[in-house]
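See below for the structure under consideration.
The values are calculated or read from the model by the stated rules, or taken from the named source; none is laboratory data. No experiment lies behind these values; they were computed from the predicted model shown. As a convention, Cβ positions derive from the backbone with ideal geometry for all residues, glycine included, and neighbour counts pool all protein chains shown. Surface areas here come from the heavy atoms of the whole protein model, side chains and all, with no ligands, DNA or RNA. Shrake-Rupley method; radii C 1.70, N 1.55, O 1.52, S 1.80 Å.
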Amino acid sequence: MTGRHVGSPEPDHEHVVLLDESGAVIGTALKATVHTTDTPLHLAFSCYVVDSDGRTLLTQRAPAKYTWPGVWTNACCGHPALDEELVGAVRRRLAHELGIRGAVEVTPLLPDFRYRAVMDNGIVENEICPVFLARVPAGVTVTPDPSEVADHRWVTPAEFRALIATGDVHVSPWAVLQMRDLPGDEWSAAGWPTAAVSPTPTGAPTPTS
């Protein structure tokens, strides 16, 4: 295995979980080759990191990323391994991609989110992509993996919506769609609505924390 960032180790030959139209698992495929002009439906997740001041963490995807390099987006995204609980996969990516570790509270927000998007070069993203919230204290240390993240900043939800509306920066298509579905601009309240459960690749519910 090649040297990696200080976050949780990621396999050099990561696979994604392939799904049929009902969301049932039908197999796996190598992540490095799955994204084409005819990308099959597969399982992913998105995570919004929100601190105790109600700010959300935005990240700029590294220029070497195969899909949507250089765009700004939510804190992190990823793909669970076969039979891996989604909450565990979220925590794994938070550690690997952003250096955020420990007892992070992770709860599902949009468990049924799905999207398909096409890059200018024709490469397709096609995912069932449950959306999660991770709560962290204000001032938490973020140490991004430079192979994943080119830059990061903390903004209020209202500021993020303004960035999307003005087009001042390029924002990922999934984050644009997710922000349409996420409620309001005050994200610090502990009672912010969350979903009760979110599906795993096996269809069993994940724990919410």
(request) Quick one: count up the residues across the stretch 157-177 that are closer than 15 Å to Thr59 by Cα and either among the hydroxyl-bearing types (Ser, Thr, Tyr) or assigned to a helix (DSSP H, G or I) (or both). (result) 11
(request) Would you check which residues across the stretch 102-118 are over 18 Å from Pro80 (Cβ atoms) and open to solvent by 30 Å² or more (accessible area, probe 1.4 Å) and list them? (result) Gly102, Ala103, Glu105, Arg116, Val118
(request) Would you be able to tell me the number of residues in the stretch 123-151 that are modelled with pLDDT of 95 or more, open to solvent by 50 Å² or more (accessible area, probe 1.4 Å) and over 23 Å from Gly88 (Cβ atoms)? (result) 3
(message) Report every pair of residues separated by at least 6 positions or lying on different chains whose Cβ atoms are under 8 Å apart, first residue within the stretch 59-70 and at positive phi, second of a type outside the set (Lys, Arg) and exposed (fewer than 13 other Cβ atoms within 10 Å of the Cβ).
(response) Gly70/Pro63
(request) Would you point out the residue of the stretch 66-81, among those that are of a type in the set (Gly, Ala, Ser) and closer than 20 Å to Asp168 by Cα, that is least open to solvent (accessible area, probe 1.4 Å)? (result) Ala75
(request) Just give me the residues in the stretch 87-97 being open to solvent by less than 10 Å² (accessible area, probe 1.4 Å) and over 30 Å from Ala165 (Cβ atoms), in sequence order. (result) Val87, Ala89, Ala95, His96
